Amino acid sequence: MPLKTPLLDTVRSPADLRQLPPERLRQVADELRAETIDAVSVTGGHLGSGLAVVELTVAIHAVFDTPDDILIWDVGHQAYPHKILTGRRDRIRTLRQGGGLSGFTKRAESPYDPFGAAHAATSISAALGFCVARDRQGRDNKVIAVIGDGSMSAGMAYEAMNNAAETTRQLIVVLNDNDMSIAPPVGGMSAYMARLVSGGGYQSLRKLGKTVAGALPRPLKEAARKAEEYARGMVTGGTLFEELGFYYVGPIDGHDMDALVPVLENVKGITDRPVLVHVVTQKGKGYAPAENASDKYHGVVKFNVVTGEQAKGASGPPSYTKVFGTELAKRGALDERIVAITAAMPSGTGVDIFAQRFPDRTFDVGIAEQHAVTFAAGLAADGMKPFAAIYSTFLQRGYDQVVHDVAIQRLPVRFAIDRAGLVGADGPTHAGSFDIGYLGALPGFVLMAASDEAELAAMVATACEIDDRPCGLRYPRGEGVGVAIPDLAAPLQIGRGRVVREGTAVAILSLGARLQECLKAADQLAARGLSATVADARFAKPLDEDLILRLVSEHEALVTVEEGARGGFGAFVLELLASRGVLDRGLKVRTLTLPDRFQDQNKPEVMYAEAGLDADGIAAACLRALGVDKARAGLRA
C-alpha cells in the first residue's frame, strides 16, 4: 500500500487547511497529533488536553475564517495543536522556554490568539465582548469560544451565558467535554441527531413552528416553546443550556471528523440566538501512555515518545507541596476539626496526601475559588479548622470572598498559598507575585512565608493554632533546600522573626525562600571584607517590629528581599520605619522585589537573576546601599 503524502507540511496557515477537501482533514489531524506528541516530548508541558482537541482544532479552522472569525480557547493549555496550524510550527519546540512560545494563548504572539488566557472560565465572557464589539461596528464575523467541562464548573462561565442571550444573537460556544461528566454515550445516533437539529431543514421547520405559535394566545405560545425545547432536551440533554437562552446541539463525538465538520458548518449559519455545541472528547486521545494515565498526561516533563516514560530528575529534597501535604496529614491525625479544601488541584497542592488518610474531610470543589473561600469561611464559622490550599495566582480569583467573607468577619480560615513567587515555564499568568500585597493589606490577617521545609512545617503547626483570625502561609514551587523536618514541628510565635547570621555593616532581611540566596550574598560580601547580618522575617504581617528596629539601629544599611511585587513586605517595612522616624536619621534602605513588569517564561534561576533576587543581585544591592563601587567589588551591576 503506497504511503500517504504528508499534508501537514503544506499547511502554513488555516487558509491552506480550508483549501483541502473534507476527506483529507482526517489525515491532517493524524499528522497534527503526531507532531504535538513529538514537540511536547522535547519541551514538556500540557499534553493530554491538547491531544483531546486535535480533530476539533482542525475542524474549527477548516470551517471558520480565522483569524477574522474570532476563536478563543478557555485556559489555553490545549492550544498547542492550534499553534502548529497557525504559523508557529517552526517554533513549537520552544514552548515554555525562555524567548519561546507561551504555553498558553497570548495576544502578543499571533493574530490567531485574539485573547490571552491561562485561567479557567474566561472564554465566554471575552467572546461576548467580541460579539458586542462586532455588532456595534456592523460586522458579521463569527465568534467561537471553546470551553472545557472543568471550566464549566466555574461560576463565571454561567454568568456569561446568562448574559449572552440578551446581548447578542451570534455566539458559538463549544463545550469540550472530556470527562464524560455530562454526556450520555455517543455514537451514530447522537451524531445524526446533532446534524439534524443543527441543519437547515430542522431550522426552517422550527421557524415555521414559531410563526404558528406566535399567532396563538400567550399561554399556548409559551407551552409550545417549552414543549419543543424539552422534547429536544430529552433526546440531547440540553435543557439547562436552553434555559440559559442557548440553542443546544449535541452531544457529538469530538474525534469523528465526519460528524464535526457538517455540524460546525450548520451552526455557522444559525444567526437568531447563541449556540452551544456539546463535543465529547478523550484526554490523551491517540497516544496510549496518555490514554492510560490517571491524569491523562495533563502536565508532563520531557518524555520518551515510544515508551511514554517521563524523564526523571535527580533525587533531592521533597517539594514544598509534598511537605505541606504531609504536615497537614500529621496535624489531621491529631485534630478531627482540620479539613482540607482544594479547587480542582488536589495533587498540585498536596491535598491528595491528606485525602488519602482523611477522604471524608477533604473537599475538591472544582474550578471555583470563590466558592472554595466562602465554603471555608462557613466551616470556620461553625468551629472547624479549614485549610484552603490554593495557588497564589488562583487565589486572586477569590479575593472579594477573602475580604468580605473571611477577613471582615475575622474567621480563622487558613490559606495554604502554593506557587508563591516565580514559576518558570508557566510564565506570568501563573506567577505568585501579588499575594503579599493583597493579603497584607487586610486588617487582622496573619501572613507567613516559609524559607525552608522545616519552617513550612512549623507554619502549618502555627496555622493550626490560630483560631481568632485568618492566616496565610506562602511557599514556592519546587524542592526544598534539604533541611531536616522534625517529627512534629512546634508552632512559631506570631510576628517573630529570627536572625540566621550576625554581622555589622549591612542587614539583609529576607521574607520567604530567597533566604539561601541571601546567605550566599553574605558570603560574597564577606569575601570582600563586608560583614552582613542575615535575618528571616517569617511574617509579613504582623511585622517583627523589635527585630527590624534592632537591625536598623545596629547597621549602616538595611536591604529587604521578597518573592513578590512592589507594595508588599518591603513597603510594609518602609512604612514602619517612616512612622518611627527612623528614615529621618539617614538610614540607607533598599527593597528588593520582583520587577514592575510581567516576566515571560524561562528557567526560574534565570528569572530570579533578571529580577535581581539571586545572590549576585542581592550582594550588588547591598553594595549600592553602602556606596561601594560594584565594578571595584567585582560584582554584577
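Just so you know, all these numbers are worked out from the coordinates, no wet-lab data involved. Small disclaimer: the values here were computed from a predicted structure and weren't measured. All Cβ positions, glycine included, derive from the backbone under ideal geometry; neighbour counts span all protein chains shown.
Overview of results
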| read-out | value |
| --- | --- |
| Selection from HIS278, PRO318, VAL305, by position along the positive dipole direction of the range 247-320 (Cβ) | PRO318 |
| Within the range 7-60, trypsin sites (Lys or Arg not before Pro) in DSSP loop having at most 15 other beta-carbon neighbours inside 10 Å | ARG12, ARG18 |
| Tilt relative to the chain, helix 200-214 - C-alpha long axis, 0 to 90 degrees, to 10 | 90 degrees |
| Most to least packed among 90-100, 70-80 [average Cβ atoms within 10 Å] | 70-80, 90-100 |
| Gain upon complete extension [GLN516, VAL481; 0.36 nm per residue less C-alpha separation] | 11.8 nm |
| Gyration tensor (alpha-carbon) shape descriptor, the range 417-473, a/c threshold 1.5 | oblate |
| Amide hydrogen neighbours beyond the local backbone of GLY286, cut-off 5 Å, H modeled | none |
| Computed over the chain: relative contact order in percent, which uses C-alpha pairs under 8 Å that are six or more apart | 11 percent |
| For ILE252, residues with placed amide H under 5 Å, excluding near neighbours | HIS278, VAL279, VAL280 |
| Gyration tensor (alpha-carbon) shape descriptor, the range 332-380, a/c threshold 1.5 | oblate |
| The chain - mean residue ellipticity at 222 nm from DSSP helices (-39,500 (n - 2.57) per run, n ≥ 4, rounded to 500) | -11500 deg cm²/dmol |
| Size of electric dipole in the chain: Cβ of Lys, Arg +1 and of Asp, Glu -1, about Cα centre, debye, nearest 20 | 960 debye |
| Rounded to the nearest 20 debye, dipole of the range 251-353 from Cβ charges on Lys, Arg, Asp, Glu | 420 debye |
| The range 491-637: relative contact order as a whole-number percent, Cα under 8 Å and 6+ apart | 26 percent |
| Selected from GLY245, THR362, GLY350, residue furthest toward positive end of dipole (the range 239-380; charges at beta carbon) | GLY350 |
| J(HN,Hα) series, the range 239-254, from Karplus relation 6.51 cos²θ - 1.76 cosθ + 1.60, nearest Hz, glycine and proline x | 4, 4, 5, 4, 5, 7, x, 9, 8, 8, 10, x, x, 10, 6, x |
| Cα gyration tensor category, rounded, prolate or oblate, for the range 498-633 with a/c compared to 1.5 | oblate |
| For the range 36-80: span of alpha carbons on each principal axis (Å, largest first) | 32, 18, 15 |
| Tilt relative to the chain, helix 569-579 - C-alpha long axis, 0 to 90 degrees, to 10 | 50 degrees |
| Net lengthening on full extension, THR94/THR10 (0.36 nm per residue, minus Cα-Cα) | 28.1 nm |
| Among beta bridges that DSSP assigns inside the chain, antiparallel share in %, nearest 5 | 15 percent |
| 0 to 90° range, to nearest 10: angle between helix 218-236 axis and the chain longest Cα axis | 70 degrees |
| Furthest towards positive pole of dipole, LEU623, ALA376, TYR287, structure part the chain, Cβ charges | LEU623 |
| Over the range 573-634, relative contact order from alpha-carbon pairs under 8 Å, at least 6 apart, % | 27 percent |
| For the range 18-61, size of Cβ-based charge dipole, Lys and Arg +1, Asp and Glu -1, in debye | 140 debye |
| Overall Cα dimensions of the range 454-544, principal axis frame, Å, largest first | 47, 27, 22 |
| Coil-residue chymotrypsin sites (Phe, Trp or Tyr not before Pro) of the range 275-362, DSSP, other Cβ within 10 Å capped at 14 | none |
